[in-house]
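Below you'll find the structure, written out as structure tokens, and then a few comments.
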Amino acid sequence: MMITKKAIPRRTVLRGFGASLALPLLDGMVPALTAMAKTAANPVRRLGVVYVPNGMNMQHWTPAAEGSAFELTQTMTPLAPFRDRMIVVSGLDSKEALPRPGEGGGAHSRSQSTFMTCVQVKRTEGSDVQAGMSMDQIVARELAQQTQLASLELALEPVDLVGSCDVGYACAYTGTLAWRSATTPLPMEIDPRAAFERLFGASDSTDPRARRARLEKDRSILDALTEEVARFQQRLGQRDRAKVTEYLEAIRDAERRIQKAEEQSAEALPLVDRPAGVPKTFEEHATLMFDLLALAYQTDLTRVGTYLVGRELSGRTYPEIGVPDSYHPVSHHGNNPVQLDKQAKINLFHTTIFSRFLEKLDSTPDGDGSLLDHSMFIYGGGMSNSNEHDPRNLPLLLVGGGSGTIKGGRHLRFKERPLADLHLTVLEKMGVPMERFGDSTGTIELLSDI
């Protein structure tokens, strides 16, 4: 640990960590609009994962026909404008979410925490959580040098990473989708104002003058930190010098981001005001967070995003669509037609809001197409029949053009194939090929079929 009586007071060091390691402000320096910079021959590819909790009314989700002849089901109706850039994927299983002998409860935690990691997670209610590096973070690690934010994690409900939230499982397992490493779950932001500040700094808007002022201020902070820490490092032992070296590397990375921002500062940004906070209704909140994610993609601030519509075990109510009941009990429908109908309404509400996000991406030019043409989004959840906590035959969509690597307008049906195969394929299409991911058996060639 650093000693407060040395050249750099502890308060200054902590302030430095806030500025250069956590980077709530510096990660959001001025980005440039990629539509102006990227060519058709080398388009930017973006990845997004949108997770919906508590299973799905599969009767209103799964199309009857396969291939291009499939018809949109009730829950997918809002996605009709994007049918040609959408693949419905059926029959993929997350068997790593099934309980091991003697485990019993905790199905919700296992379903969510394996969705992006595809490994069995450690059963614990303590801080010694363990899963695996999630697929989105593998992509984020690869693309980190190309953007100012490696990834963006958004959610719509409180997502504590400490304590116990399920039988035998810590809150971390339902608190996030993204795992930077097997033992490091990433926090997700639920406050639009905080998300905005992470993107653009503590400014009231994306106005160029405010952005320049923020750049100058943070460059001054980093210059001072670099000089002070370098002098301080000379007075430390070998072990502490190694720690400070890592710290200086983080500062240099922040400097790189600021330099990139300054080079791009001549580019125009959409003028957006900083949100006041969390809106009153779910629909307003969800829409605003999707708008911020779209803006992050548009400005090329990040190319990787995860969006938690609700954590597993969510007890949210939806009175605005005629479902004032707590969602989790509704999902344990017991095949009761009334409860199933309520679940279908919630599922439809979610896809309706998601469709508006897709519409925004589709109307935003990017290179030789739109943001949607150059993106891939996995939409779905870690359970199918929620009444049985079933992590097999998961409800999944792959939406977007993937810069020409995906052929949409189809329903692909598999049998007992791992969810990890989908992730392995998406990794390959994002330019990060791997031999194996989780319990994968191979890539899904039919996703492109071109």
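The values are calculated or read from the model by the stated rules, or taken from the named source; none is laboratory data. All figures in this text were calculated on a predicted structure; none of them were measured in a lab. Don't worry about glycine lacking a Cβ; one is built from the backbone with ideal geometry, like all the others, and counts go over all protein chains shown.
If the condition is being under 21 Å from Phe357 (Cα atoms) and charged (D, E, K, R), then segment 388-409 contributes only Lys407.
If you go through segment 342-356 and pick out every residue that is within 22 Å of Gln298 (Cβ to Cβ) and buried (at least 23 other Cβ atoms within 10 Å of the Cβ), you end up with 1.
One residue stands out in segment 359-393 among those that are in a helix (DSSP H, G or I) and touching a strand residue (DSSP E or B) at 6+ places or on another chain (Cβ under 9 Å): the one that is surrounded by the most Cβ atoms within 10 Å (Cβ to Cβ), namely Leu361. For segment 403-428, the candidate set comprises residues that are modelled with pLDDT under 95 and in a helix (DSSP H, G or I); within that set, the residue that is nearest to Ser134 (Cα to Cα) is Ser403.
Within segment 381-392, residues that are farther than 23 Å from Gly48 by Cβ reach partners that are surrounded by fewer than 24 Cβ atoms within 10 Å (Cβ to Cβ) with beta carbons closer than 7 Å, at six or more positions or on different chains, in the pairs Asn385/Met58; Ser386/His332; Asn387/His332; Asn387/His333; Asn387/Gly334; Asn387/Asn335; Arg392/Asp93. When we screen Tyr297, Tyr307 for residues that are among the aromatic types (Phe, Trp, Tyr) and either outside any strand (DSSP E or B) or at pLDDT below 95 (or both), the only hit is Tyr297. Scan segment 148-170 and tell me whether some residue there is within 26 Å of Met434 (Cα to Cα) and either touching a Pro at 6+ places or on another chain (Cβ under 7 Å) or acidic (Asp, Glu) (or both). Within segment 148-170 (the criterion being within 26 Å of Met434 (Cα to Cα) and either touching a Pro at 6+ places or on another chain (Cβ under 7 Å) or acidic (Asp, Glu) (or both)), the answer is yes, since at least one residue qualifies.
If you go through segment 156-188 and keep only what is over 21 Å from Gln130 (Cα atoms) and at pLDDT 95 or above, you end up with just Leu156.
Let's see how each residue does on (1) free of Cβ contacts under 8 Å to residues at least 24 places away in the same chain; (2) buried (at least 23 other Cβ atoms within 10 Å of the Cβ); (3) outside any loop (DSSP other than H, G, I, E, B):
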position: Gly105; (1), (2), (3): no, no, no
position: Ser111; (1), (2), (3): no, yes, yes
position: Val121; (1), (2), (3): no, yes, no
position: Thr124; (1), (2), (3): no, no, no
position: Arg141; (1), (2), (3): yes, no, yes
position: Cys165; (1), (2), (3): no, no, yes
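Scoring Val159 on the criteria (1) within 29 Å of Thr281 (Cα to Cα); (2) in a helix (DSSP H, G or I) leaves a single failure, condition (2). Residue-level analysis places Gly409 among those that are surrounded by fewer than 23 Cβ atoms within 10 Å (Cβ to Cβ) and touching a strand residue (DSSP E or B) at 6+ places or on another chain (Cβ under 9 Å).
Residue by residue, here is whether (1) touching a residue at least 40 places away in the same chain (Cβ under 8 Å); (2) touching a helix residue (DSSP H, G or I) at 6+ places or on another chain (Cβ under 7 Å); (3) in the same structural domain as Pro187 (by TED's automatic domain parsing) holds:
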site	(1), (2), (3)
Leu293	yes, no, yes
Arg303	yes, yes, yes
Leu313	yes, yes, yes
Tyr318	no, yes, yes
Ser331	yes, yes, yes
Pro337	no, no, yes
